[in-house]
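*Asks:* The structure is given below, and queries will be raised subsequently.
The values are calculated or read from the model by the stated rules, or taken from the named source; none is laboratory data. Fair warning: this is a prediction, and the values are worked out from it, not measured in the lab. Counting neighbours? That spans all protein chains shown, and the Cβs are built from the backbone with ideal geometry, glycine included.
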Amino acid sequence: MVKIPEQFSLLYSAEDIDRRVTELADEIGQAYAGKMLHLVGVLKGAAVFLSDLARKLPIPTTFDFLAVASYGDATESSGVVRMIKDLDDPVESRDVMIIEDIVDTGLTLKYIEELLRSRKVASLTKCAFLDRPDRRKVKVTMDYVGFTIPNRYVVGYGLDFEQKWRHLPAIYAIN
Ligand code: 5GP
């Protein structure tokens, strides 16, 4: 077991996460019954959540990933989002769901949403494991959210601090 630094306080245990991801998968499964859902994960943070969610979904899915970056330091986004890795496959006429690790200012999600809509998807929904609405700079409407969190920087379950701690199976707030 990895040693957890003293400054980390547990927000959601692996069991809390497992339970919530199961609920989300059931909800999404009902909404998309009989359909094929194309999951678009935002690298790197959403990789862990996407792989757990996909394995619990009771419907067939396909995956693709894109990577974006916002200029700024590790914890404060500047607001300018740019593409680092585009999708491998076309999304035109597909039922697409964007999978995010966390929605903070909303700038990343807004950029990706506009990009995918311009590629003429059949339908588009947005699912984030975490939502921190306090820091929103642009309006984004979420279709599915795992947990709504207070204004604290979090790590684990795909989320990093300086590229570390993504592997932790629980979510911690850094004090
Ligand atoms: P937004 O564009 O909504 O401000 O930020 C989205 C991205 O910023 C997330 O996908 C995530 O990579 C990063 N981010 C925002 N808040 C946190 C946080 O509390 N912890 C970590 N590790 N990353 C965050």
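*Asks:* Could you tell me which residue of the stretch 1-18 is surrounded by the most Cβ atoms within 10 Å (Cβ to Cβ), considering only residues that are among the polar types (S, T, N, Q) and within 16 Å of the ligand (Cβ to nearest atom)?
*Replies:* Going through the qualifying residues, I end up with Ser9.
*Asks:* Another question about this same structure. From the list Leu53, Leu66, pick out the single residue that is under 19 Å from Val103 (Cα atoms) and part of a helix (DSSP H, G or I).
*Replies:* Exactly one residue qualifies, and that residue is Leu53.
*Asks:* Just to verify a result, which residue in the stretch 151-168, among those that are farther than 17 Å from Gly106 by Cβ and loosely packed, with under 14 Cβ neighbours inside 10 Å, is nearest to the ligand (Cβ to nearest atom)?
*Replies:* Filtering the stretch 151-168 for residues that are farther than 17 Å from Gly106 by Cβ and loosely packed, with under 14 Cβ neighbours inside 10 Å, the one nearest to the ligand (Cβ to nearest atom) comes out as Arg152.
*Asks:* If you check Val81, Val21, Val68, Val42, which single one turns out to be out of contact with any Ser or Thr (no Cβ under 8 Å at 6 or more places or on another chain) and surrounded by 15 or more Cβ atoms within 10 Å (Cβ to Cβ)?
*Replies:* Every option except Val21 fails the conditions.
*Asks:* Right, here's the next one. So which residues in the stretch 106-125 are near the ligand (Cβ under 8 Å from one of its atoms), farther than 15 Å from Arg82 by Cβ and of a type outside the set (Gly, Ala, Ser), if there are any at all?
*Replies:* Listed by number, the list is empty, since nothing qualifies.
*Asks:* Report yes if Val48 is touching a residue at least 60 places away in the same chain (Cβ under 8 Å), part of a strand (DSSP E or B) and closer than 15 Å to Gly158 by Cα, otherwise no.
*Replies:* So Val48 does not fit the description; no.
*Asks:* From the list Ser13, Ser51, which one is hydroxyl-bearing (Ser, Thr, Tyr) and in contact with a Pro (Cβ under 9 Å, 6 or more places away or on another chain)?
*Replies:* Unique residue meeting the criteria: Ser13.
*Asks:* Report yes if some residue within the stretch 86-98 is among the β-branched types (Val, Ile, Thr) and in contact (Cβ under 8 Å) with a residue 60 or more places away in the chain; otherwise report no.
*Replies:* no
*Asks:* Testing Glu114 on (1) on the phi > 0 side of the Ramachandran plot; (2) loosely packed, with under 13 Cβ neighbours inside 10 Å; (3) at pLDDT 95 or above, one condition comes back false. Which one is that?
*Replies:* (1)
*Asks:* Could you check the stretch 126-150 and list, in sequence order, the residues that are within 10 Å of the ligand (Cβ to nearest atom) and surrounded by 14 or more Cβ atoms within 10 Å (Cβ to Cβ)?
*Replies:* Those that are within 10 Å of the ligand (Cβ to nearest atom) and surrounded by 14 or more Cβ atoms within 10 Å (Cβ to Cβ): Ala128, Phe129, Leu130, Asp131, Arg132, Arg136, Val140, Ile149.
*Asks:* Another one. Any chance you could count how many residues in the stretch 1-45 are more than 24 Å from Arg94 (Cα to Cα) and in a strand (DSSP E or B)?
*Replies:* The qualifying residues number 5.
*Asks:* Go through (1) at pLDDT below 95; (2) part of a strand (DSSP E or B) one by one and return the number of the condition Ala74 breaks.
*Replies:* (2) is the only condition that Ala74 fails.
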